[in-house]
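The values are calculated or read from the model by the stated rules, or taken from the named source; none is laboratory data. The structure displayed is predicted, hence computed values, not measured ones. Note that each Cβ is placed from the backbone with ideal geometry, even for glycine, and that neighbours are counted across all protein chains shown. Quick note on the areas: whole protein, heavy atoms, side chains included, nothing else; ligands and nucleic acids left out. Shrake-Rupley method; radii C 1.70, N 1.55, O 1.52, S 1.80 Å.
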Amino acid sequence: MVVLAASVLSKSGKVLVSRQFVDMTRIRIEGLLAAFPKLVGTGKQHTYVETENVRYVYQPIEALYLLLVTNKQSNILEDLETLRLLSKLVPEYCYSLDEEGICKTAFELIFAFDEVICLGHKENVTVAQVKQYCEMESHEEKLHKLVLQSKINETKDVMKRKASEIDKSKIDKNKGDKGGFMSMGSGRIESSFSDMSISSSGSGFGSSSGLGLTTDVDSFSTKSKGRQLSSATAPPKGLGMQLGKSQKTNQFLESLKAEGELIVEDVQPRAGQARVAAAAPTDPITLTAEEKLNVTLKRDGGISNFDVQGTLSLQILNQEDALIQVQIETGGNPGILFKTHPNMNKELFSNENILGLKDPNRPFPTGSAGDAAGVGLLKWRMQSADESMVPLTINCWPSVSGNETYVSIEYEASAMFDLRNVVIYVPLPALREAPNVRQIDGEWRYDSRNSVLEWSILLIDNSNRSGSMEFVVPPADSSMFFPISVRFSATSTYSDLKVVNIIPLRGGGAPPPKFSQRTNLITENYQVV
């Protein structure tokens, strides 16, 4: 008995896997396999076909053929026994008996065929023995994995040590700045005076040199008060000690990221950014129109809830500008219901769209030290079931294929608004590692603690009214990807409310005071359920 080759073919004659057990040229084996579909018959489970030189012994397996090519001197009974054993092995290694399943497990099938047939002769083995031989552990592989894991652990230890050194240096710097110490290099000199404390920082850490001096006019006994004020004082103009990651540390973290490690960096807001976020009004009069969106969309289309609540607030810095009236202009949306503050003159607003107090001699409250939002003048609300009013719709399409779940998400934005800082939060099943993002319009981040995929788009305008993202995760139910939460903001509103003029009520013909208007649309609760 000599088996020349064992192959798996489709019914159309396409060769999926073929393993040769004797020396033969590629042209010959391709010719033998190409001739088989022309010779095969139908209507039998175990069949064979003989030609002048070889014998084909084959068995149909669903939409495939399992084929043995032997010489004519081979014992056909042993060939049938070999064919029967191979027909049991194929389903063991292929999750689906089609072209895709065979091609994905081609090497596993070749290894199994090698355990059954050696140099053309059948080995005395069973299916269980073949699986055991193919699954035996490799000592070299285990050794390689141990060495690789030890390198990863060592790199993590170095990373933690570097991070702790940086944190320790930050703590030392803070102590030096806030406690009235003078640190230069590794030494620390404490100087106390009755009316003055001087703190300076040298080149103890980092690459900067020189001294930065900060003088606090305070007694040494009131250090705690000085510590509170030191965070609000301006930074020294000299080249003081600079904290942060050095170039070597950055290169080290970049190398870890290249090896696949997830590096979570502490991103501290800069002082400039904090001041911008909480910028106090600088104009004498500031009016803020803000609308909050509460929207619940159905995953299959339609609206469950659409609610817009808006407010107009006034903030006045100086007392001399408080005796005023505010003339506004609305967009004429009939679905919006306006409601004035109880102290406002409702008739004046209804007839002339002017917001003023019932007592014209009474000024508005002033000052920015109180409520940051100012004094509320007007409220409005809009509810709708019209889907065209929704500024952003999200469609999620999860589909399971084999051992993976493919999730396609697309957004479509209305032309009403230009949306800023859009973040779409997609919940995921518990994962050991980040999902495989195949395609995305924008940027993504995986929050492993909450198991949420964050899709960020900085700006959605006429250039990108629609976009999509596709990622792959292990098999999961489609309900695991809901509810999807959305957060964004816009500089225009549904009411299109505008402040036209500020009318001063004081005499003397003084010009109207300067004013500024802020308009903002934000999401309070925006979900797809």
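What is the gain in length, in nm to one decimal, between S87 and Q517 on full extension, counting 0.36 nm per residue of separation less the C-alpha to C-alpha distance? If you can, show how the numbers build up before the last one.
Working: separation 430, 0.36 × 430 = 154.80 nm, distance 7.85 nm.
Extending this stretch completely gives an extra 146.9 nm.
Most tightly packed first, judged by the mean number of other beta-carbon atoms within 10 Å of their residues, the peptides 4-15, 471-482 read 4-15, 471-482.
For the stretch 3-135, the share of accessible area belonging to carbon and sulfur comes to 51 percent (1.4 Å probe, ligands and nucleic acids excluded). Compared with the direct C-alpha span, the chain from E99 to D307 gains 69.6 nm at full extension, assuming 0.36 nm per residue. Sorting the segments 349-360, 19-30 by their residues' average number of neighbouring beta-carbon atoms within 10 angstrom, most packed first, yields 349-360, 19-30.
Here the spin labels are modelled as points 7 Å beyond Cα on the Cα-Cβ line, and at V125 and K162 they lie 4.8 nm apart. For the stretch 382-435, the set of GluC sites (Glu not before Pro) satisfying both a DSSP loop assignment and a count of at most 16 other C-beta atoms within 10 Å is given as E433. The HN-Hα couplings worked out from phi for the stretch 404-415 by the Karplus form 6.51 cos²θ - 1.76 cosθ + 1.60 (θ = phi - 60°) are 9, 10, 9, 10, 10, 10, 9, 10, 9, 9, 6, 7 Hz, whole numbers, x standing for Gly and Pro. For the stretch 126-131, backbone phi angles converted through the Karplus equation (6.51, -1.76, 1.60; θ = phi - 60°) give residue-by-residue couplings of 10, 4, 5, 5, 4, 5 Hz, Gly and Pro being listed as x. Taking amide H atoms as placed 1.01 Å from N in the peptide plane, the amide H of A5 lies under 5 Å from those of F21, V69, each 5 or more residues away in sequence or on another chain. Near the amide H of F364, within less than 5 Å, lie the amide hydrogens of L323, I324, all on another chain or at least 5 residues away, with H placed in the peptide plane. Residues whose amide H comes within less than 5 Å of that of A476, counting only those at least five positions distant or on another chain, are absent (H built at 1.01 Å from N in the peptide plane).
You can think of it this way: the chain between D477 and S463 has 1.6 nm of extra reach, that is 0.36 nm per residue less the Cα-Cα gap. Past 25 Å, Cα to Cα: identify those pairs from K11/K104; K104/K151; K14/K131, in the order given. Table pairs above 25 Å Cα-Cα are K104/K151; K14/K131. The distance between label points at I440 and C134 comes to 3.7 nm (points 7 Å beyond Cα on the Cα→Cβ vector). Each residue of the stretch 322-337 was assigned a 3J(HN,Hα) from its phi angle through the Karplus curve 6.51 cos²θ - 1.76 cosθ + 1.60 (θ = phi - 60°); the sequence is 7, 8, 9, 10, 10, 9, 10, 9, 9, x, x, 7, x, x, 9, 10 Hz, with glycine and proline shown as x.
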